[in-house]
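Q: Take a look at this one; I'll ask things after.
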Amino acid sequence: MRNDKPNIIVELTFKFALNIISFTDILLKKGKSVIANQLLKSGTSIGANVREAQNAESKADFIHKMKIAAKEVDETQYWLELLKQSKGYPIDDELLVQILSIQKVISKIISTSKNSK
């Protein structure tokens, strides 16, 4: 199913992963390693799963991989919202904006893929 044309979700999730890496460096410098590691894992996993979906063996496999990416989106959103509500933790509000955009695009991709023949 690989298609080497520009792909908005691949691009969005790659840029987001780069931003997560930069932000978790800030958290690590402030001694917030536990949450930094959780955020780094889930935030970069989104793009990894989206990229893996591009090489899916079937439509069902593609949908499955995109659903895994959607779960990672939910987990990442959880960590970002937790940071926002916690005292003494930095937050980058742009990451919250980006994760909502990614969530919408992935949800639409899954919905469209399920309904297409």
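Just so you know, all these numbers are worked out from the coordinates, no wet-lab data involved. Fair warning: this is a prediction, and the values are worked out from it, not measured in the lab. Here Cβ is always computed from backbone atoms with ideal geometry, including for glycine, and neighbour counts include all displayed protein chains.
Q: From the residues in the stretch 16-57 that are free of Cβ contacts under 8 Å to residues at least 60 places away in the same chain and of a type in the set (D, E, K, R), which one is surrounded by the fewest Cβ atoms within 10 Å (Cβ to Cβ)?
A: Among residues in the stretch 16-57 that are free of Cβ contacts under 8 Å to residues at least 60 places away in the same chain and of a type in the set (D, E, K, R), the one surrounded by the fewest Cβ atoms within 10 Å (Cβ to Cβ) is Glu57.
Q: Residue pairs, Cβ under 8 Å, 6 or more apart or interchain, first in the stretch 72-85 and surrounded by fewer than 18 Cβ atoms within 10 Å (Cβ to Cβ), second hydrophobic (A, V, I, L, M, F, W, C) and not in a helix (DSSP H, G or I). List them.
A: Pairs found: Lys84/Ile91.
Q: Within the stretch 86-117, which residues are free of Cβ contacts under 8 Å to residues at least 40 places away in the same chain, touching a Leu at 6+ places or on another chain (Cβ under 9 Å) and not in a helix (DSSP H, G or I)?
A: Ile91
Q: Still on this structure: Being in a helix (DSSP H, G or I) and under 26 Å from Ala56 (Cα atoms) is the filter here; which residues of the stretch 3-25 pass it?
A: Ile8, Ile9, Val10, Glu11, Leu12, Thr13, Phe14, Lys15, Phe16, Ala17, Leu18, Ile20 - these are the residues of the stretch 3-25 that are in a helix (DSSP H, G or I) and under 26 Å from Ala56 (Cα atoms).
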